[in-house]
Amino acid sequence: MVGSIGGSHHDPQLAAAVSSNEAADMITLDYSKLLGSPTERREALGQLDHAFQTYGFIYLANHSISQALFDEAFEWISPPSCPRFFDLESSTKNLIARPLSSALEDHTGYAEYGVGHISQLVFEDKEVETHQAASPDHKETLEIGNPHEGPSSGTNRWLPEDIFPGFRKFYEVWWNACTEVEKSLRQALCAILDIEPDSLCRKQTLNFGHVSFLHYPAMVLQPQSGGEARRLNAHTDYGVLTLVFQDAVGGLEVHDGHVFRPVIPKPGTIVVNLGDMLERQSNGRWKSALHQVVAPRKETMQEGFVTAKAVLDRYSIAYTGAVDPEEIIETLPGCEVPGRWKPSMADWDREKPVTSYEWLQKRVAAEYFQGSEGSNEG
Ligand SMILES: O=C(O)CCC(=O)C(=O)O
Ligand SMILES: [Fe+2]
């Protein structure tokens with residue numbers, strides 16, 4: 001059986017589970033069917049519900065983000081295009097450095113290699129410190145929030161136009177495209193629950209989401225599954241829905257309740273998974289699945305992707321939607337009966353309800369822990 005109440009995916013111990021070479025058995029949901037005939041829609045909703053109740057991960061095909069926009073997004077960050085963000089001089093990227101701070105307000109900008117290490121529900125200072133020393137992430141990231149008027153618009157950090165021309169304009173288009181897909185998926189989830197279509201949208205009027213552009217520096221191709229060479233530690237996502245865009249290299253893995261399985265790159269698809277907030281909103285009906293990124297190996301690359309190089313960089317982009325900061329993350333109508341998954345914030349929340357801001361702050365503080373003495377410095 002894949003999990004049960006008190007189920008395994010929020011056990012921090014599991015973050016050390018082994019990896020299999022066998023691909024995750026994820027469905028590919030045809031987005032156009034969500035907008036199709038009543039029969040098509042019913043079938044697609046059923047598939048989505050089942051997938052979110054079991055894996056918590058799907059591939060989304062025939063969505064509204066064009067291949068051209070998808071390609072352009074990668075051109076902004078990865079070779080062989082020019083200009084590309086991660087190839088800029090370190091001093092240039094650091095013009096928009098994410099402050100060395102654990103405050104949520106500071107979670108925008110460029111985080112260089114060695115800054116920021118994700119973990120799974122480890123919050124005690126000493127434990128976070130031990131985890132980060134034992135299992136550092138191998139990545140550099142560019143973190144950007146909502147580019148429009150709203151809670152994060154004042155905190156975004158942008159390189160000047162003469163240094164990185166056009167990026168800000170592109171980002172606005174990208175943001176709009178991601179939020180549109182995410183919003184219609186939220187409406188589909190309301191249809192599954194047979195509740196008002198805007199039940200999930202009323203809590204997300206500010207588009208308090210976030211985009212991470214990720215670069216995992218070159219790493220030697222691994223001969224077989226091992227799991228020990230992690231680029232990004234095992235974690236569940238903090239927000240509502242995540243859209244992951246990955247290149248052909250592979251390495252993303254999802255935990256199926258027993259082992260981590262490769263989420264093999266499929267051209268043109270978006271990997272969609274749900275995060276802690278939606279798990280909580282659905283009262284454990286839908287699963288915020290544990291996932292990680294490991295070293296590339298031949299078996300888990302995109303089909304037909306051949307490389308003569310034994311050393312590979314990997315690039316990905318993750319958009320995550322979140323509930324408005326001051327809103328309490330509460331159970332949706334139709335989800336009164338607990339599902340099989342134990343929400344990740346269940347243990348923390350015995351005393352009081354949790355707002356989106358509080359949950360994000362708690363998880364970001366663990367990720368960008370500044371040491372037991374410097375954790376409050378900005
Ligand atoms: O790089 C990836 O494929 C996944 C990134 C991810 O899980 C995240 O940013 O939360
Ligand atoms: Fe993630």
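Brief remarks follow.
- Each of ASP162 and GLU196 was given a label point 7 Å from its Cα along the Cα-to-Cβ line. The distance between the two points is 5.2 nm.
- Heavy-atom accessible surface of the chain: percent carbon and sulfur, 1.4 Å: 52
- Straight-distance crosslink candidates among lysines, where the alpha carbon sits under 19 Å from LYS169 and sequence neighbours closer than 8 are dropped: LYS93
- Computed over the chain: relative contact order in percent, which uses C-alpha pairs under 8 Å that are six or more apart: 26
- For the chain, a simple Cβ point-charge model (Lys and Arg +1, Asp and Glu -1, everything else neutral) yields a dipole of about 720 debye relative to the Cα centre.
- THR28 accessible area, 1.4 Å probe, all protein chains in place, Å² to nearest 10: 60
- Charge dipole of the chain about the Cα centre (unit charges at C-beta), most positive-ward option of TYR171, ALA234, ILE264: ILE264
- C-alpha center-to-center spacing [region 104-145, region 164-208] in angstrom: 26
- Entry note, region 252-308: relative contact order of 42 percent, from Cα contacts under 8 Å with a spacing of 6+ residues.
- Nearest-10 value in Å² for the accessible area of MET26, using the 1.4 Å probe: 20
- Each residue of region 355-367 was assigned a 3J(HN,Hα) from its phi angle through the Karplus expression (A = 6.51, B = -1.76, C = 1.60, θ = phi - 60°), giving 8, 4, 4, 5, 5, 5, 4, 5, 6, 5, 5, 6, 5 Hz with x at Gly and Pro.
- A dipole drawn for region 1-159 from +1 and -1 charges on Cβ atoms has a positive end, and of LEU14, THR28, HIS138 the residue lying farthest that way is THR28.
- Amide H contacts under 5 Å for ARG231: VAL293, VAL294, ALA295, restricted to partners 5 or more places along the chain or on a different chain, H placed in the peptide plane at 1.01 Å from N.
- Net charge of Cβ neighbours under 11 Å - reference ASP25; Lys, Arg +1; Asp, Glu -1: -1
- Cβ-Cβ FRET estimate between LYS126 and ALA103, R0 fixed at 22 Å, reported to 0.05: 0.60
- Label-point separation, SER37 to GLU112 (7 Å along Cα→Cβ), nm: 5.9
- Positive contributions from Lys and Arg (+1) and negative ones from Asp and Glu (-1), summed over other residues with Cβ under 12 Å from the Cβ of ASP87, come out at -2.
- Accessible surface comparison of SER135, SER101, probe 1.4 Å, protein chains only, largest first: the order is SER135, SER101.
- Residues THR331, THR320, THR205 ordered from highest to lowest accessible area at a 1.4 Å probe: THR205, THR331, THR320.
- Loop-resident sites, region 1-95, for GluC sites (Glu not before Pro), counting at most 14 other Cβ within 10 Å (DSSP): GLU22, GLU89
- Heavy-atom accessible area with a 1.4 Å probe sorts ASP106, ASP324, largest first, into ASP106, ASP324.
- Overall, region 1-90 carries a charge dipole of about 300 debye about its Cα centre when +1 sits on the Cβ of Lys and Arg and -1 on the Cβ of Asp and Glu, all other atoms neutral.
- Convex hull volume per residue in cubic angstrom - Cα atoms of the chain: 136
- Positive-end extreme of charge dipole, region 12-368 - chosen from PRO353, TRP286, TYR55 (charges on Cβ): TYR55
- DSSP-defined beta bridges in region 12-368 - what % are antiparallel, rounded to 5: 85
- Using θ = phi - 60° in the Karplus curve 6.51 cos²θ - 1.76 cosθ + 1.60, the 3J(HN,Hα) couplings for region 229-242 round to 8, 8, 8, 9, 5, 4, 6, 9, 7, 7, x, 8, 10, 10 Hz; x is entered for Gly and Pro.
- For region 160-167, 3J(HN,Hα) computed residue by residue from phi via the Karplus equation (6.51, -1.76, 1.60; θ = phi - 60°) reads x, 4, 6, 8, 9, x, x, 5 Hz, glycine and proline entered as x.
- Approximating the spin labels as points 7 Å out from Cα along Cα→Cβ, the LEU95-to-PHE170 distance works out to 1.6 nm.
- Here the relative contact order of region 245-378, from alpha carbon pairs under 8 Å that lie six or more residues apart, stands at 28 percent.
- Theoretical ellipticity at 222 nm over the chain - DSSP helices of four or more residues, -39500 (n - 2.57) apiece, nearest 500: -7000 deg cm²/dmol
- Take region 12-368 with all the other protein chains still there, run a 1.4 Å probe, and you get 40 Å² of accessible area per residue.
The values are calculated or read from the model by the stated rules, or taken from the named source; none is laboratory data. Model, not experiment: these values are computed from the prediction. As a convention, Cβ positions derive from the backbone with ideal geometry for all residues, glycine included, and neighbour counts pool all protein chains shown. Each accessible area value is taken on the protein alone, full model and side chains, heavy atoms only, with ligands, DNA and RNA left out. Shrake-Rupley method; radii C 1.70, N 1.55, O 1.52, S 1.80 Å.
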